[in-house]
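Where a number appears in this text, it was derived from the coordinates with a stated rule and is not lab data. Predicted model, so just to flag it, every value in this text is computed and none were measured. In this analysis, Cβ positions are derived from the backbone assuming ideal geometry, glycine residues included, and neighbour counts consider all displayed protein chains.
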Amino acid sequence: MPCCDVDLAGIGYDGLHADEDLEDWRSGRLHPASQELIAAVRAQGIEGAALLDIGAGVGAVHLTLLEAGAATAVDVDASPEYLAVARAEAERRGLGGRVEYRHGDVVELAAQLPPADIVTLDSVICCYPYLAPLLEAAVRPNPHLVGLTYPRDVWWMRAYMRLFTLTHALRGRPGRYYVHRHDRLNQLMADAGFRNVHEGGTREWRVVLYRRAPAP
Ligand SMILES: C[S@@+](CC[C@H](N)C(=O)[O-])C[C@H]1O[C@@H](n2cnc3c(N)ncnc32)[C@H](O)[C@@H]1O
């Protein structure tokens, strides 16, 4: 892949808030877009599925899906802090033996990942500058379903994310945030052989699901 010169500390920066995120999830304050992603994936059928949760954070998506009937999960995350918290939460829920953990940039690790039935990227593409290689990495394990949440491609979200990134830069923090074009994402997924089967979200955040189109 012709990519990617990224700073892991930058893309995994949000992991420094892993304990707060876990507390939010446990207290029933999981982001509505994440809740919708989980529900939409479940509605497509997850029994016995192998999951790949890219940038899983504290693990809310794959751990919930494992509890609901999926078989196994691989959690790939640029943040060691998130991986540690997700692993501890999996152990606490008795799911530790069903999850594998990989630390790094999924674009770099893609060739070493096992096949997956379902791939999820919950608020992940907004932390990564290179959309095409990230989606290539997501479809490489040959899933039939790919689910994403990401900031809406509208001017006020672009302005908000630029301001957010600028604030981080001025404070010397490595986190950088991006609003990728929805049309481009749709086109890249169509080129990879997927069609859109769910389109929703909140005013700020989009939730989409792609299913591999049947061979002609
Ligand atoms: C904003 S956090 C979201 C965490 C969690 N999915 C959630 O919604 O709460 C972005 C996550 O994506 C991860 N991430 C971003 N780009 C990545 C990449 N190329 N490879 C692996 N992890 C990545 C970060 O490390 C972080 O865990």
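Could you check region 154-194 and list, in sequence order, the residues that are among the aliphatic types (A, V, I, L, M) and part of a loop (DSSP other than H, G, I, E, B)? Give the derivation first.
To start, the set of residues in region 154-194 that are among the aliphatic types (A, V, I, L, M) comprises 154, 157, 159, 161, 163, 166, 169-170, 179, 185, 188-190, 192.
Selection gives 154, 179, 192.
Look at region 95-152 and say how many of its residues are in a strand (DSSP E or B), β-branched (Val, Ile, Thr) and under 13 Å from residue 11 (Cβ atoms). Let's see the steps before the verdict.
Let us first name the residues in region 95-152 that are in a strand (DSSP E or B), namely 99-103, 118-122, 145-151.
Filter again for β-branched (Val, Ile, Thr), leaving 99, 118-120, 146, 149.
Now narrow it down to the ones that are under 13 Å from residue 11 (Cβ atoms): none.
The total comes to 0.
Determine whether residue 82 is within 24 Å of residue 19 (Cβ to Cβ), out of contact with any Phe, Trp or Tyr (no Cβ under 9 Å at 6 or more places or on another chain) and part of a helix (DSSP H, G or I). Walk me through it before giving the result.
Numbers: within 24 Å of residue 19 (Cβ to Cβ): yes; out of contact with any Phe, Trp or Tyr (no Cβ under 9 Å at 6 or more places or on another chain): yes; part of a helix (DSSP H, G or I): yes.
Criteria met by residue 82.
Scan 22, 30 and give me the residue that is assigned to a helix (DSSP H, G or I), touching a residue at least 24 places away in the same chain (Cβ under 8 Å), more than 24 Å from residue 143 (Cα to Cα) and within 11 Å of the ligand (Cβ to nearest atom). Steps first, answer last, please.
Working: 30 fails: assigned to a helix (DSSP H, G or I).
Of 22, 30, the one residue that is assigned to a helix (DSSP H, G or I), touching a residue at least 24 places away in the same chain (Cβ under 8 Å), more than 24 Å from residue 143 (Cα to Cα) and within 11 Å of the ligand (Cβ to nearest atom) is 22.
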